Structure formats: structure tokens, C-alpha cells
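A quick write-up on the structure given underneath.
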Amino acid sequence: MKTNLLDFDLDGLAAFCLQLGEKRFRAVQLFRWIHQRGAADFSAMSDLAKSLRDKLDGCAVVASLPVVSEHVSADGTVKWLFDVGGGNAVETVFIPEDDRGTLCVSSQAGCAVGCRFCSTGHQGFSRNLSTAEILAQLWHAEHALRRRLGTDTRVISNVVMMGMGEPLQNYAALVPALRAMLDDHGYGLSRRRVTVSTSGVVPMMDRLAQDCPVALAVSLHAPNDALRDHLVPLNRKYPLAELLDACTRYLAHAPRDFITLEYCMLDGVNDSPAHARELVDMVSSRQGAGFRCKFNLIPFNPFPASGLHRSPDRVVQAFAQILVDAGIVTTVRKTRGDDIDAACGQLAGEVMDRTNAVDRMARQRTIPLKPVH
């Protein structure tokens with residue numbers, strides 16, 4: 001079987017070229033052709049020696065993912081469904097804005113965390129994606145958008161690992177993909193503009209801080225362990241105190257001086273003034289230790305299996321005001337791509353579940369979520 005060169009960061013590609021008897025500068029040239037120019041045909045790589053092109057033809061490919069479908073929202077958001085084999089398909093979303101273009105990338109076919117409010121979690125988990133399958137989402141989107149817009153300049157300025165899956169549960173494939181995104185010979189993205197979102201896999205947060213520190217977002221969604229245990233089951237393994245300690249440690253290495261705390265607003269569940277005041281107390285009690293954060297309040301995007309509802313706008317604004325009045329930077333995420341099911345928490349794709357998620361999530365829904373008043 002031929003080797004897919006999308007599976008490598010630059011160091012990995014250099015090692016592959018070394019096996020072919022080629023020096024590192026050839027790997028740099030090849031890396032630029034693949035990622036900066038979007039080339040998949042070795043014969044078109046004109047500054048590579050013909051002998052190397054012949055070798056590559058015999059043992060390597062640049063293989064993206066088959067596109068099952070592409071949908072464009074009225075607001076310009078684009079959603080692709082990519083076939084990753086075995087009955088699985090993952091979704092990737094491009095969100096254009098005036099000052100940036102953001103790509104939301106998937107890391108797994110499904111997700112094993114099983115958050116109550118996430119459509120992906122209700123589908124269960126099939127497998128981790130390879131580095132090539134993660135990078136192929138960016139490779140396809142960047143160069144397809146360039147062709148569509150008729151430009152040679154970079155279209156995607158930001159990448160968020162917020163698609164299907166828990167990125168830090170696929171750490172071995174994630175890190176080379178991040179390094180390719182950051183590499184000046186690849187996509188040249190700033191560490192501040194590449195974000196990994198995690199539900200709180202504490203040991204891997206510590207490893208990421210050492211191996212490839214990029215911006216970090218944490219799916220918080222509750223101000224106390226009792227409620228978060230129900231909303232984000234991983235909390236039972238890594239409760240809030242451990243998670244927030246890990247956030248503080250990460251800040252010593254992070255490219256930004258804050259951690260983004262994501263908070264999905266669920267009507268009657270986690271959106272009361274009392275919840276907001278709990279969050280204020282949680283943050284203020286840790287500021288002396290160097291903990292700094294920004295809250296991103298996310299309007300819930302309902303789907304039938306969740307049994308949950310979106311908080312009214314007035315409730316979201318009142319909740320945000322309590323945080324702002326306490327001096328905490330707070331934003332309310334603008335929903336994008338609703339008409340093509342591309343908004344936050346809606347990515348579902350197709351998953352051949354190996355975790356019995358339907359029954360497991362059905363049992364979760366029988367557990368009442370008691371609001372704090």
C-alpha cells in the first residue's frame with residue numbers, strides 16, 4: 001500500500017524522504033507543494049528531481065477524503081461531509097467572517113465522551129481519525145475555497161479542533177496535524193489562531209502544553225461537579241478542581257494569556273443567575289493562582305434526542321451581564337450555518353457506533369437535571 005503523505009508533519013516527511021535516500025531540503029520542497037500549493041500530482045512538482053518524482057510515484061500518494069456532500073448556508077458557511085470508510089463520515093465547517101476565515105475540523109468518527117447537549121455524542125464512537133484524515137479536511141477546504149474564490153492567497157486563517165470528537169483522546173494523530181498547520185512551509189498558521197477544544201482530558205492537556213502549545217478552549221458548561229457530571233460525563237474522572245488546575249498550568253505555555261471556557265446555555269438547566277454567580281466565585285477564587293479565562297456563551301442548537309432546549313436570549317444576556325459586571329470577559333457566540341445544521345453542537349456525520357450510545361444516552365435522559373435557583 002502506498003504511503004499517504006498527508007500523514008506527516010515536516011519532520012515525519014523528512015524521515016520518509018531519508019528512507020528514499022533524499023535530503024531534508026527535498027522534504028521541504030515536497031511539503032510546500034502539498035500544503036501551500038495543494039498539489040497531489042508528483043509530475044507537476046517541477047523543482048523536484050525527476051528521480052525523486054519517479055520514486056514517489058511508486059510508493060506514495062497525496063490522498064484527500066472523498067466528499068459525500070457539500071452544503072453552503074445563506075450566511076456563507078460551508079459544510080462538507082467526508083467519507084472516512086467503514087460506514088463512517090465526518091463533517092467539517094468553514095465559517096467566513098470579515099476579519100478571518102475559520103475551519104472547524106473533526107478529530108474522530110463520533111465521540112466517546114457523550115455530552116448531553118452534543119449531537120455527535122448521541123451517535124456514539126467508531127474510531128480515531130488518522131493524521132492524514134485530520135489534515136485532509138484542511139487541505140481540501142483551503143484549496144477548494146481558493147479555486148472557488150480565484151485566489152492564490154490563504155483563505156483559512158484560523159483552525160478550531162471543535163468538530164466531531166474529543167481531540168485529546170486522539171493525541172498521537174492530533175499533534176502531527178497541528179504541527180503541519182503551524183509550519184511556515186505548510187499552512188503557516190499562528191499558534192494563537194489554532195485552537196484545541198477539550199472536554200477536560202487533564203493528562204493530555206499537560207502533554208499538549210509541552211509538545212505543541214496552541215490556544216485552548218475547555219468545554220465547561222456547568223459551575224459545579226454535580227451538574228457537570230450529568231452534562232459532561234468525563235467530569236466524573238477529571239472533576240472541576242483538577243480541570244481548572246490543569247488550565248492554570250497550561251497558561252504558562254499557552255500563546256494566549258487566557259483559556260476560553262465554553263458554556264452551552266441550556267434552558268432551565270445551567271442558565272440561572274445562581275449558576276452565573278457560582279462561575280464568578282469559581283473564577284475569582286483562582287485568580288490569585290494565575291488563572292485567567294474568557295467565557296464564550298453558546299446558544300444551544302436543539303436536536304430531538306437531547307430532550308433539552310435553548311435558553312431565551314434575554315436569559316443569556318442577563319447571565320452574561322453578571323459575568324461582565326464581575327470583570328470577566330464574556331462573549332455570546334453568534335450562531336452560523338443553522339440552515340445546514342453546521343452550528344455548534346450540530347455536527348453529526350455518519351457513525352458506525354461501537355459504544356451502544358443510543359441506549360446509554362437514553363438512560364442519561366431519564367436522569368433529571370435539577371436546576372439551581
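Okay, residues lined up against (1) buried (at least 18 other Cβ atoms within 10 Å of the Cβ); (2) in contact with a Gly (Cβ under 7 Å, 6 or more places away or on another chain); (3) on the phi > 0 side of the Ramachandran plot:
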| residue | (1), (2), (3) |
| --- | --- |
| D54 | no, no, no |
| D57 | no, no, no |
| V62 | yes, no, no |
| V67 | no, no, no |
| E70 | no, no, no |
| A74 | no, no, no |
| W80 | yes, no, no |
| G85 | no, no, yes |
| V93 | yes, yes, no |
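When segment 152-171 is limited to residues that are among the β-branched types (V, I, T) and over 21 Å from E350 (Cα atoms), the one that is farthest from the chain's Cα centre (by Cα) turns out to be T153.
Could you tell me which residue of segment 280-321 is modelled with the lowest pLDDT, considering only residues that are of a type in the set (S, T, N, Q) and buried (at least 16 other Cβ atoms within 10 Å of the Cβ)? Only one residue fits best here, namely S306.
Among the residues of segment 6-41, count how many are closer than 14 Å to H185 by Cβ, free of Cβ contacts under 8 Å to residues at least 60 places away in the same chain, touching a helix residue (DSSP H, G or I) at 6+ places or on another chain (Cβ under 7 Å) and surrounded by 15 or more Cβ atoms within 10 Å (Cβ to Cβ). The number of residues fulfilling the criteria is 7.
In segment 63-162, which strands (runs of 3 or more DSSP E) lie fully inside it and hold 1 or more residues that are under 30 Å from P233 (Cβ atoms) and touching a Ser or Thr at 6+ places or on another chain (Cβ under 6 Å)?
Numbers: elements: 67-72, 78-85, 88-96, 101-104, 108-110, 125-128, 158-161.
Of the strands (runs of 3 or more DSSP E) lying wholly inside segment 63-162, those with at least 1 residues that are under 30 Å from P233 (Cβ atoms) and touching a Ser or Thr at 6+ places or on another chain (Cβ under 6 Å) span 78-85, 88-96, 108-110, 125-128, 158-161.
Close Cβ contacts (under 9 Å, 6 or more residues apart or on different chains) running from residues in segment 127-150 that are within 16 Å of T102 (Cα to Cα) to residues that are of a type in the set (V, I, T) and part of a helix (DSSP H, G or I) comprise W139/I34.
From the list A44, A112, A49, the one residue that fits, being surrounded by fewer than 20 Cβ atoms within 10 Å (Cβ to Cβ) and under 19 Å from the mean Cα position of the chain (by Cα), is A112.
Just wondering, is there one or more residues in segment 170-187 that are of a type in the set (S, T, Y), assigned by TED's automatic domain parsing to the domain that holds L81 and under 25 Å from T330 (Cβ atoms)? The answer is no, given that none of the residues of segment 170-187 is of a type in the set (S, T, Y), assigned by TED's automatic domain parsing to the domain that holds L81 and under 25 Å from T330 (Cβ atoms).
Just one of the listed residues (A276, A252, A222) is among the small types (G, A, S), crowded, with 18+ Cβ neighbours inside 10 Å, farther than 21 Å from V113 by Cβ and touching a residue at least 24 places away in the same chain (Cβ under 8 Å), namely A276.
The values are calculated or read from the model by the stated rules, or taken from the named source; none is laboratory data. Keep in mind the model is a prediction, meaning the values are calculated, not measured. Every residue, glycine as well, gets a Cβ built from its backbone with ideal geometry; the counts of neighbours run over all protein chains shown.
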